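> Just dropping this structure here.
The values are calculated or read from the model by the stated rules, or taken from the named source; none is laboratory data. Because the structure is predicted, anything quoted here is derived from the model rather than measured. Cβ placement follows ideal geometry from the backbone for every residue including glycine, while neighbour counts extend to all protein chains displayed.
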Amino acid sequence: MAIDMSEFSENVEAGLKANKDFTRFFYRFKSDGTTKRGILDYSDKDWDKRTRTAKAKTALSDEKNKQVNTSVNFTENSRLSDVANLYFEKSCDVSSWTNERKDAYNLYCKDGIGKKRIKDIRQVDIDSLRKSMELKGHSEQTKNGCSPRTIKKVLLQILRPIMQYAIDNKVLSDMPNIKAPKLNRQKKIVEDAGNKLATLFKTIMTIYEDEPFYRALFLFALYGRRWNEIRTLQWSDVNFLTSRYTIRAENNKIDQNQTYELSAPIAEALSCMQDDRSGLVFKSPVTGTELYPPKKQLTKIKDTAKIPELTMHYFRHILVSAMGEAGTATTILSASLGHTNLDTVNNFYLSANHTKASQEANKAIANLTQIKPKSEIVE
């Protein structure tokens, strides 16, 4: 049926006209050389004129988005969160690192800057995001502000790649200056680290003497493993015969397998676990899936050891400080923790990898905790 253009006498914006009472709208635009046209009818809606006009503009914008560059699936008018979803889905590998970045995006960007159209994102929006993270995080631990490391990750490893994805797809021509925050980053000073390490070791071995599951879990943390590396460890990653275990590429931050020496205390705890030795090592006893952070058990260790600042990650700070006090070389410290800073571990890391570093680190831990070496680990 032909459209009676005499009905639409009121200009709204380019490509959009309305009838006299602004209840019906006519749109027309070109896409790929083809003219698209249609009617938007709001005569049955209980909206005022302003609302009907706004709805028509939005509908026209959405219609244009459907037509323009369908191979890319987004335009400069797309919301940042829509572009982010495509970036994580189309451009990123399936890995725990991608999931970690997606979670961080949803926490810090989705409900604020994520609602803005990508073409409208300005430097002030980036600055506002950074400032809000400096003042407050999303957990009890970050209630007084996120760490510089978290802010840097959100800005440089999440937000900037998403915006660059839009540029690479020729949807944007440029983006705001997204750079590392200029914050006074202070090292976490661990005083009396050697004694704290020995105290934690004794506490773990005592509290969980009859619970090898948690004994092994917290010993992995004591020996420098990140929580994500612990909770994703599979039995197939552990080799009792060679006293080695591997943190797979998808579960660490450098996207390549890292093999470490399996220390005697951890091997003994693992060998005592009542488990079918398939799938996850530290699976939930309820669901059989990955564990949530063991907050109650961690609190028990904190209270007993009298180290109230202890977190799963703070184990690493205590470890590296204690081994540093004992004179362990920085190359060994870095590689044993899974770092890849080529300024410190270039020669050592590339040739010896993490296995030899963890052997040296385990010797240092044994000295600090006065562990007597075991000649044999019985499975």
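> Every residue in the stretch 78-94 that is in contact (Cβ under 8 Å) with a residue 40 or more places away in the chain, surrounded by fewer than 16 Cβ atoms within 10 Å (Cβ to Cβ) and outside any helix (DSSP H, G or I), please.
Asp93, Val94
> Moving on to the next point. Residue under question is Ser43, and the condition is that it be surrounded by 14 or more Cβ atoms within 10 Å (Cβ to Cβ) and hydroxyl-bearing (Ser, Thr, Tyr); does it hold?
Answer is no for this residue.
> For residues in the stretch 294-309 being assigned to a loop (DSSP other than H, G, I, E, B) and out of contact with any Ser or Thr (no Cβ under 9 Å at 6 or more places or on another chain), which is surrounded by the most Cβ atoms within 10 Å (Cβ to Cβ)?
Taking the candidates together, the pick is Pro294.
> So which residues in the stretch 95-111 are in a loop (DSSP other than H, G, I, E, B), surrounded by fewer than 18 Cβ atoms within 10 Å (Cβ to Cβ) and touching a residue at least 12 places away in the same chain (Cβ under 8 Å)?
Ser95, Lys110
> Please indicate, with yes or no, whether at least one residue in the stretch 261-274 is among the β-branched types (Val, Ile, Thr) and under 27 Å from the mean Cα position of the chain (by Cα).
Within the stretch 261-274 (the criterion being among the β-branched types (Val, Ile, Thr) and under 27 Å from the mean Cα position of the chain (by Cα)), the answer is no, since none of the residues qualifies.
> Would you confirm, using the coordinates I've provided, whether Gly114 is surrounded by 13 or more Cβ atoms within 10 Å (Cβ to Cβ), in a loop (DSSP other than H, G, I, E, B) and not basic (Lys, Arg)? Write out each step before concluding.
Values: surrounded by 13 or more Cβ atoms within 10 Å (Cβ to Cβ): yes; in a loop (DSSP other than H, G, I, E, B): no; not basic (Lys, Arg): yes.
No; evaluated as a whole, the condition is false for this residue.
So that you can scan it fast, the table gives a plain yes or no per residue for (1) out of contact with any Asp or Glu (no Cβ under 7 Å at 6 or more places or on another chain); (2) under 15 Å from Val154 (Cα atoms):
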| residue | (1), (2) |
| --- | --- |
| Asn73 | yes, no |
| Asn77 | yes, no |
| Tyr87 | yes, yes |
| Ser96 | no, no |
| Ala104 | yes, yes |
| Asp120 | yes, no |
| Asp125 | yes, yes |
| Arg130 | yes, yes |
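> Follow-up. Please work out which residue is surrounded by the most Cβ atoms within 10 Å (Cβ to Cβ), limiting yourself to the stretch 16-40 and to residues that are assigned to a loop (DSSP other than H, G, I, E, B) and either modelled with pLDDT of 90 or more or over 44 Å from the mean Cα position of the chain (by Cα) (or both).
This residue is Phe22.
> Sticking with this structure for a sec: Mind checking which residues of the stretch 341-379 are modelled with pLDDT of 70 or more and in a loop (DSSP other than H, G, I, E, B)? Give the steps one after another, and end with the answer.
Filtering the stretch 341-379 for residues modelled with pLDDT of 70 or more gives 355, 357-370.
Passing the criteria: only Gln370.
> Something else about it: Return the total of residues in the stretch 20-30 being of a type outside the set (Phe, Trp, Tyr) and farther than 11 Å from Thr53 by Cα.
Step one: filter the stretch 20-30 for residues of a type outside the set (Phe, Trp, Tyr), giving 20-21, 23-24, 28, 30.
This time we only want the ones that are farther than 11 Å from Thr53 by Cα, so: 20, 28, 30.
Summing the residues that are of a type outside the set (Phe, Trp, Tyr) and farther than 11 Å from Thr53 by Cα in the stretch 20-30 gives 3.
> From the list Gly288, Gly327, Gly338, which residue is buried (at least 20 other Cβ atoms within 10 Å of the Cβ), assigned by TED's automatic domain parsing to the domain that holds Thr206 and outside any helix (DSSP H, G or I)?
Gly338
> Let me ask something additional. Among the numbered criteria (1) at pLDDT below 85; (2) surrounded by 12 or more Cβ atoms within 10 Å (Cβ to Cβ), which single criterion is violated by Leu280?
Leu280 satisfies every listed condition except (1).
> Also: Quick one: in the stretch 133-161, which of the residues that are touching a Cys at 6+ places or on another chain (Cβ under 9 Å), within 24 Å of Phe88 (Cα to Cα) and at pLDDT 85 or above is surrounded by the fewest Cβ atoms within 10 Å (Cβ to Cβ)?
Result: Pro161.
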